[in-house]
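Participant: If you scroll down you'll find the structure; I have some questions about it.
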Amino acid sequence: MNQRVAQLIPIGVPDGRVRAVVEAVTPAVDGGRFAVKRIVGDSVIVEADCHADGHDELGCAVLFRHACDADWRVAPMQPLGNDRWRASFVADRIGAWRYTVRAWVDAFRSWRHDFARRTDEADLRVAARSGAALIAAAAQRARDAADRQALERWAHELLQAAGGEIEALRRVALDAARAEAVLRWPDLQHASTHPVEFTLVADRVRAGFSTWYEFFPRSASPEPGRHGTLRDCVAMLPYVARMGFDVVYLPPVHPIGRERRKGRNNALAAASSDVGSPWAIGAAEGGHKALHPELGTFDDFRAFVTEAAHHGIEVALDIALQCAPDHPYVTEHPQWFRKRADGSIQHAENPPKKYQDIYPFDFESADWRALWDELASVIEFWIGHGVLIFRVDNPHTKSFAFWEWAIARVQAQHPEAIFLAEAFTRPKVMHRLAKLGFTQSYTYFTWRNTRHELTEYFTELAHGPGRDYFRPNAWPNTPDILPEVLQVGGRGAFMARVVLAATLAANYGLYGPAYELLEHLPREPGSEEYLHSEKYQLRHWDLARPDSLAGFIAVLNIARRENAALQSNASLRFLPIDNERMIAYAKATPALDNIVVTVVNGKGVLARVAAALASAEADIVHLGMTDEAAQEALDLRFVIAVRDRAHLDHVLRTLRRTQSVLRAMRTMPVG
């Protein structure tokens, strides 16, 4: 290339003296396009590849701040080897955080590293003067008076020592304590900062650990045949609380459309007494911002929310963005709905299935801005009535862009709001919704039954790439899904599936009272729809039935509350076990001060707190158990996962404290 051509090629960097490189920052979701999710109080571990040309030493740091703060805080990074660096910070406030990584060629580190290797006396004396200059420069940068004075003294001492005895010079030059003061005030004029400011959302604790119970308010009446009210729901709260649930989720509580109303068992023709589907929202009495008149008043609703809080329970509401044909929106905003060729409004369908009682919104409407604003205001309306948790019906059938905007809008004012995505759809779509801001997500657990299926799926959830943004919420049943295993498996299947949900996932829920009362008949063979489904009719439940699993579920939820290991998915590890009809897995706290091993078999359940069966012995080293402690523990017919003898004593005390729980589990009524 001749000189004239070379001069035409501009230098494409702002400062060629910047030599450090920062890349491969983790955690990151799609390169920083979406937020990483954590729970408030979590330690956020950040890693990056940081390197430079040549042999100079680097300094690296994580810069982090809450979105409400103007100033960055700094966490120095430590090398892991192979140019990988790590630091951590605590997300100590709810809401959005920003973080990135900075690296720089550190002249002082390089000088100190080389000085320790020098042997020539004259060389050492010259190097000492160079080091004194670097230390003096750090003193000038220091904003802390004590550090500045200490560094000035050190620079002076080092210059003085340069003319004295060599070993004394080495001691002064390599003073580790004073070196830390220099490292606190690095020269960053040629630092390289990763171009992306990554986002992290720290959610409140219930986002990461929650126990949901769904029931239909209209079936809460103690009198058969009478429509339930919110006051009846208040009367149900002690029952829900005794089972240990901390979220009570209500299907839609709005007026139900009369036009094209569905009858019992999804019949197209409804009798005059049929109550319709709560998901067919809207009638003459109002729409998404109204209460079904037979449920009660807004005073009743607020009383229900308040009483639930007294029991340690939060209320979650269903957000179903769709309308019955007689919803006020249909006449007030016809432009928000898609038209058929004959001019009629398009009802919902998934051929060959048709949902004639539901009109979906048209998110391609020319009036989409007004539509978005109104739908977001529905969520804000119910927040105004004390609700901060929302289960969103079929979000995958609504605009992705809308959800990203709406959730951001709501959480900007209410960062404690929680959104559960009910999207049983393709994996990439489910993950996209989680990236867009949904706090929790339904899963495929309902259809994962074999040991292989469960192991593969929950290993992916706990340790796959989605772990940074996809929070699973495992449900063994829903009003829409009565899985085959519950249709044919009997009482043991109901016990096994709820234990799996409650111990594999930190967030789980169930639809009751159908679950604890062992409802198992499908509408027809091969269907996952319940016979006499509550979606279309009132049901009366005998909550005092002796064969109820309510007591069993209560014990299970006690174990969840009392064992921190079950309140996270990060430590989930499946254990080898010979019997193909059994599955064993462990969860532990980071400090290994709480360990739970669960064993589930095909006929029933064994849940052992802080203990594993001997057949899981092969994995004891991974859990931190010493061979000596394991051998002693085997005499108790358990393999106890411990670190050392002192920890063994602690775990044994924990086990003894939980014996009452285990005995209660073994003596649950069987009918």
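Participant: When the residues of segment 385-430 are narrowed to those that are crowded, with 18+ Cβ neighbours inside 10 Å and part of a helix (DSSP H, G or I), which ends up nearest to the chain's Cα centre (by Cα)?
Facilitator: MET430
Participant: Mind listing whichever residues of segment 151-188 are more than 22 Å from GLU121 (Cβ to Cβ), hydrophobic (A, V, I, L, M, F, W, C) and open to solvent by 30 Å² or more (accessible area, probe 1.4 Å)?
Facilitator: Scanning segment 151-188 gives ALA176, ALA177, LEU183, TRP185, LEU188.
Participant: If you don't mind, there's one more thing I want to ask. Can you find a residue that is under 16 Å from the mean Cα position of the chain (by Cα) and touching a residue at least 12 places away in the same chain (Cβ under 8 Å) anywhere in segment 481-488?
Facilitator: Checked segment 481-488: no residue is under 16 Å from the mean Cα position of the chain (by Cα) and touching a residue at least 12 places away in the same chain (Cβ under 8 Å).
Participant: Collect the residues in segment 431-443 that are within 19 Å of SER571 (Cα to Cα) and open to solvent by 60 Å² or more (accessible area, probe 1.4 Å), keeping them in residue-number order.
Facilitator: none
Participant: Considering segment 114-139 alone, what residues qualify as being open to solvent by 60 Å² or more (accessible area, probe 1.4 Å) and either closer than 13 Å to ALA181 by Cβ or outside any helix (DSSP H, G or I) (or both)?
Facilitator: ARG118, THR119, ASP120 - these are the residues of segment 114-139 that are open to solvent by 60 Å² or more (accessible area, probe 1.4 Å) and either closer than 13 Å to ALA181 by Cβ or outside any helix (DSSP H, G or I) (or both).
Participant: Quick one: which strands (runs of 3 or more DSSP E) lie wholly within segment 175-264 and hold at least 1 residues that are aliphatic (A, V, I, L, M)?
Facilitator: So the answer is 198-203, 247-250.
Participant: Give me the pairs: first residue in segment 352-366 and under 12 Å from TYR329 (Cα atoms), second residue open to solvent by 80 Å² or more (accessible area, probe 1.4 Å), beta-carbon distance under 9 Å, and six or more apart or on different chains, which are they?
Facilitator: Filtered contacts from segment 352-366: TYR359/ARG338; PRO360/ARG338; PRO360/THR397; PHE361/ARG338.
Participant: When you look at LEU250, is it touching a Leu at 6+ places or on another chain (Cβ under 9 Å) and touching a residue at least 24 places away in the same chain (Cβ under 8 Å), yes or no?
Facilitator: yes
Participant: Let me ask another. I'd like the full set of residues that are surrounded by fewer than 18 Cβ atoms within 10 Å (Cβ to Cβ) and either among the charged types (D, E, K, R) or touching a strand residue (DSSP E or B) at 6+ places or on another chain (Cβ under 6 Å) (or both), limited to segment 280-292.
Facilitator: Selection gives GLU285, LYS289.
Participant: Right, something else. Search segment 217-241 for residues that are farther than 19 Å from LYS535 by Cα and pair each with any residue that is assigned to a helix (DSSP H, G or I) and open to solvent by 50 Å² or more (accessible area, probe 1.4 Å) when their beta-carbon atoms are under 6 Å apart and the residues are at least 6 apart or on different chains.
Facilitator: If the second residue must be assigned to a helix (DSSP H, G or I) and open to solvent by 50 Å² or more (accessible area, probe 1.4 Å), the pairs left are VAL234/GLU307; LEU237/GLU307.
Participant: Follow-up. What are the residues in segment 43-61 that are open to solvent by 50 Å² or more (accessible area, probe 1.4 Å) and under 29 Å from the mean Cα position of the chain (by Cα), if any?
Facilitator: Residues satisfying the conditions are SER43, ILE45.
Participant: Would you please list the contacts, defined by Cβ atoms under 7 Å and residues six or more apart or on different chains, that run from a residue in segment 393-415 that is at pLDDT 95 or above to a residue that is of a type in the set (Asp, Glu)?
Facilitator: As it stands, the answer is ASP393/ASP318; ASP393/GLU422; ASN394/GLU422; VAL410/GLU380, since those pairs meet every condition given.
Participant: Take ASP83 and tell me if it is acidic (Asp, Glu), touching a residue at least 60 places away in the same chain (Cβ under 8 Å) and surrounded by 13 or more Cβ atoms within 10 Å (Cβ to Cβ).
Facilitator: no
Participant: Can you tell me how many residues in segment 545-559 are farther than 13 Å from TYR213 by Cβ and in contact (Cβ under 8 Å) with a residue 40 or more places away in the chain?
Facilitator: Selection size over segment 545-559: 8.
Participant: For segment 200-230, which positions are touching a Phe, Trp or Tyr at 6+ places or on another chain (Cβ under 8 Å) and open to solvent by 20 Å² or more (accessible area, probe 1.4 Å)?
Facilitator: Answer for segment 200-230, where residues must be touching a Phe, Trp or Tyr at 6+ places or on another chain (Cβ under 8 Å) and open to solvent by 20 Å² or more (accessible area, probe 1.4 Å): just VAL201.
Participant: Across segment 140-174, what is the total count of residues that are within 51 Å of the chain's Cα centre (by Cα) and outside any helix (DSSP H, G or I)?
Facilitator: Summing the residues that are within 51 Å of the chain's Cα centre (by Cα) and outside any helix (DSSP H, G or I) in segment 140-174 gives 4.
Participant: If a residue has to be open to solvent by 40 Å² or more (accessible area, probe 1.4 Å), more than 17 Å from PHE438 (Cα to Cα) and part of a helix (DSSP H, G or I) to count, how many in segment 371-384 make the cut?
Facilitator: Total meeting the criteria: 3.
Participant: Right, something else. For segment 444-477, how many residues are buried (at least 17 other Cβ atoms within 10 Å of the Cβ), more than 13 Å from the chain's Cα centre (by Cα) and part of a loop (DSSP other than H, G, I, E, B)?
Facilitator: The number of residues fulfilling the criteria is 5.
Participant: For GLU528, state whether it is at pLDDT 95 or above, in contact with a Leu (Cβ under 6 Å, 6 or more places away or on another chain) and among the charged types (D, E, K, R).
Facilitator: For GLU528, the condition - at pLDDT 95 or above, in contact with a Leu (Cβ under 6 Å, 6 or more places away or on another chain) and among the charged types (D, E, K, R) - is met.
Participant: Would you pick out the residues in segment 231-279 that are farther than 30 Å from VAL499 by Cα, open to solvent by less than 20 Å² (accessible area, probe 1.4 Å) and in contact with an Asp or Glu (Cβ under 6 Å, 6 or more places away or on another chain)?
Facilitator: Answer for segment 231-279, where residues must be farther than 30 Å from VAL499 by Cα, open to solvent by less than 20 Å² (accessible area, probe 1.4 Å) and in contact with an Asp or Glu (Cβ under 6 Å, 6 or more places away or on another chain): PRO255, GLY257, LYS262, GLY263.
Participant: If I ask for residues that are assigned to a loop (DSSP other than H, G, I, E, B) and either out of contact with any Leu (no Cβ under 9 Å at 6 or more places or on another chain) or farther than 17 Å from ASN507 by Cα (or both), which ones from segment 431-443 would you list?
Facilitator: Result: GLY437, single match.
Participant: Take the conditions without any contact (Cβ under 8 Å) to a residue 24 or more places away in the chain, part of a strand (DSSP E or B) and closer than 24 Å to LEU200 by Cα and apply them to VAL74. Does it pass?
Facilitator: Considered against the rule, which asks whether it is without any contact (Cβ under 8 Å) to a residue 24 or more places away in the chain, part of a strand (DSSP E or B) and closer than 24 Å to LEU200 by Cα, VAL74 comes out as yes.
Participant: Could you please find all residues in segment 293-313 being of a type in the set (Gly, Ala, Ser) and open to solvent by 40 Å² or more (accessible area, probe 1.4 Å)?
Facilitator: Selection gives ALA303, ALA309, GLY312.
Participant: Against the definition (farther than 30 Å from ALA35 by Cα and touching a Lys or Arg at 6+ places or on another chain (Cβ under 7 Å)), how does PRO479 come out, yes or no?
Facilitator: Answer is yes for this residue.
The values are calculated or read from the model by the stated rules, or taken from the named source; none is laboratory data. Not measured: the values here are computed from a predicted model. Here Cβ is always computed from backbone atoms with ideal geometry, including for glycine, and neighbour counts include all displayed protein chains. Note: accessible area is taken over every heavy atom of the protein model, side chains too, but ligands, DNA and RNA are not part of it. Shrake-Rupley method; radii C 1.70, N 1.55, O 1.52, S 1.80 Å.
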